[in-house]
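The values are calculated or read from the model by the stated rules, or taken from the named source; none is laboratory data. No experiment lies behind these values; they were computed from the predicted model shown. Cβ sites come from the backbone with ideal geometry, for glycine too, and all protein chains shown count toward neighbours. Surface areas here come from the heavy atoms of the whole protein model, side chains and all, with no ligands, DNA or RNA. Shrake-Rupley method; radii C 1.70, N 1.55, O 1.52, S 1.80 Å.
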Amino acid sequence: MGNEFIYAQPVKIFFGEGKFQELGKVLDEQGVSRCVIACGKHFAPTARELMDKESRIVAVFGGVEQNPQLSGVIETTRLAREHKADAVIGIGGGSSIDTAKFAAAIALDGHEAIEYYRGERPFPAKRLTIIAVPTTAGTGSEVTQVSVVSHVTEKKTINNPAFMPKAAIVDPLLMLSVPPRTTMNTGLDAMAHALEGYWSKNHQPIPDLMAIEAVRLILGNLETAYRDGGNREARGNMALASLLGGLSFALPKTAASHACSYPLSEDYHLPHGEACAFTLDSLVRINADERLEYLAKAVGLRDTAELAERIRAFKEMAGLRSRLGDLGEVDLDKLCRDCAAHPLMNNNPVKMTEEKLREMFEALR
Ligand code: NAD
């Protein structure tokens, strides 16, 4: 694509320790008068306390689960419709933000969530304001037009402008309580976003710069955030890395490690970050080229082999599943077939055929 690109980033980002305390100002600025919160059980008490203090918060759905189900979207939509809300706030990891996005996109319409999920009808032109408050440093969902929702066993990524938040409040203080293993999973998800945005066939100069800085921050801070969750400097740097990771892939989209993460989550129940990390170091080796070598040197490493090794070491540090034997009984034919068929695989710079995927997974026995 030479030097031609179109870059746009429509989300107003409020970043910094304590920014969540300014939620009222953000609601003022966005002209919100009645809003619903979607969150998981960790933040449900905080959300209910907020509702007592802030009269514009009219309802809370506190039941979002990991790999969020469409049922959570249906419930959040029901609350938004019933309370005539004009905004939905997602407070939590990617699961809560994605639930809020989907509900906000369909609430002004009378149709069922499943019809949109199945692609049977286009998302309505009018939607509620989306405000994203990430509490994990990983998905970058606060700056993407993506919502990942599961229905029964199918996990589906829907990419639609209807899901773009109007505002994001990124407050590292909300992330101090993330448990160590989730810190590692989500931190490696951010690493996967930065690397995949960077090596995606659709990479662009501005996201490239953010990707390099995200990788540098993760290499320098993930271990501390994992071992010492209360370390505010490390949490702040990981929050920034996650945001930059989101901006790195929002336009170029992700590639092979994300394509492989879907079958690994659906069939072997790995959380999203762990599923992305499963193949990430292998793919650093497979996708190694001059550009990736440039990134490795720019973040202070010797070469791409050291980058792959640092990712492998992070996984080992937290005991993440990283070999086929860790997954139980594996149907390798199906795994390779499903990974190869995922649309994101087409963004990978090296063509990953079923055969090549088999070779990669065989090396992880
Ligand atoms: P998550 O939202 O599923 O949260 C993981 C766990 O951590 C949950 O149990 C949650 O309650 C808990 N948690 C979250 N914040 C916490 C905190 N501050 N303290 C204590 N516990 C906390 O995990 P995630 O990795 O943030 O999100 C994963 C989901 O996001 C997946 O469904 C993935 O596919 C999706 N995703 C979406 C995008 C996007 O652009 N929309 C990008 C990447 C991933």
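Among 255, 214, 341, which one shows the biggest mean-square fluctuation in a GNM of the chain, springs joining Cα atoms closer than 10 Å?
So, out of 255, 214, 341, the one fluctuating most is 341.
GNM, the chain, Cα, under 10 Å: largest mean-square fluctuation among 183, 279, 224?
Maximum fluctuation in the GNM of the chain, among the listed residues, is at 224.
For region 236-312 and region 128-175, what is the centre-to-centre distance using only Cα atoms, to the nearest Å?
Here the answer is 19 Å between Cα centres.
Quick check on region 40-133: take the gyration tensor over C-alpha atoms, sort the square-rooted eigenvalues as a ≥ b ≥ c, and tell me if it's rounded (a/c under 1.5), prolate or oblate.
Here region 40-133 falls in the oblate category.
Roll a 1.4 Å probe over the protein heavy atoms and report the accessible area of residue 354 in Å², nearest 10.
90
Which residue, 118, 227, 34, has the most motion in a Gaussian network model of the chain that connects Cα atoms within less than 10 Å?
In this elastic network of the chain, the residue with the biggest mean-square fluctuation among 118, 227, 34 is 118.
Please compute the length gained on full extension between residue 49 and residue 269, using 0.36 nm multiplied by the number of residues separating them and subtracting their Cα-Cα distance.
Here the segment from residue 49 to residue 269 would lengthen by 75.9 nm.
Please compute one quarter of the surface area of the Cα convex hull for region 12-174 and express it in square nanometres.
The Cα convex hull of region 12-174, projected and averaged over all directions, gives 8.2 nm².
How are the alpha carbon pair distances in region 178-362 distributed across 5 Å bins from zero to the largest one, expressed in percent?
Result returned by the calculation: 1, 9, 18, 22, 22, 15, 9, 3, 1.
Any chance you could run the full-extension gain for residue 341 through residue 112? It's 0.36 nm times the residue separation minus the Cα-Cα distance, nm to one decimal.
Extra length from residue 341 to residue 112 when fully extended: 79.6 nm.
Could you state the accessible area per residue of region 60-196 in Å², with a 1.4 Å probe and every protein chain left in place?
33
When the expected Rg is taken as 2.2 N^0.38 Å, what fraction or multiple of it is the alpha-carbon Rg of region 137-267?
1.02
On the protein heavy atoms, probe 1.4 angstrom, tell me the percent of accessible surface of region 99-238 carried by carbon and sulfur.
52
Farthest toward the dipole's positive end in region 12-174, which of 46, 124, 150, given Cβ charges of +1 (Lys, Arg) and -1 (Asp, Glu) about the Cα centre?
Towards the positive end, the residue furthest out is 124.
Given H placed on each backbone N at 1.01 Å, which residues far from residue 64 in sequence or on other chains put an amide H within less than 5 Å of it?
Result for residue 64 returns 39, 40, 41.
So how long is each side of the chain along the principal axes, counting just the alpha-carbon atoms, biggest first, in Å?
Projected onto its principal axes, the Cα set of the chain covers 55, 44, 44 Å.
On full extension of the chain, what length is gained from residue 313 through residue 331, given 0.36 nm per residue of separation minus the C-alpha to C-alpha distance?
Full extension from residue 313 to residue 331 adds 3.8 nm.
For region 12-174, what's the relative contact order in percent, using C-alpha pairs closer than 8 Å and at least 6 residues apart?
27 percent.
Spelling out what I want: for every residue of region 140-154, take phi, set θ = phi - 60°, compute 6.51 cos²θ - 1.76 cosθ + 1.60 (Karplus), and round to whole Hz; glycine and proline get x.
x, 4, 5, 10, 10, 9, 10, 9, 10, 9, 9, 10, 6, 9, 7
Pull up the DSSP beta bridges for the chain and report the antiparallel fraction as a percent, rounded to 5.
DSSP beta bridges in the chain are roughly 20 percent antiparallel.
Averaged per residue, what accessible area in Å² does region 249-365 show with a 1.4 Å probe, protein chains only?
Result: 44 Å² per residue.
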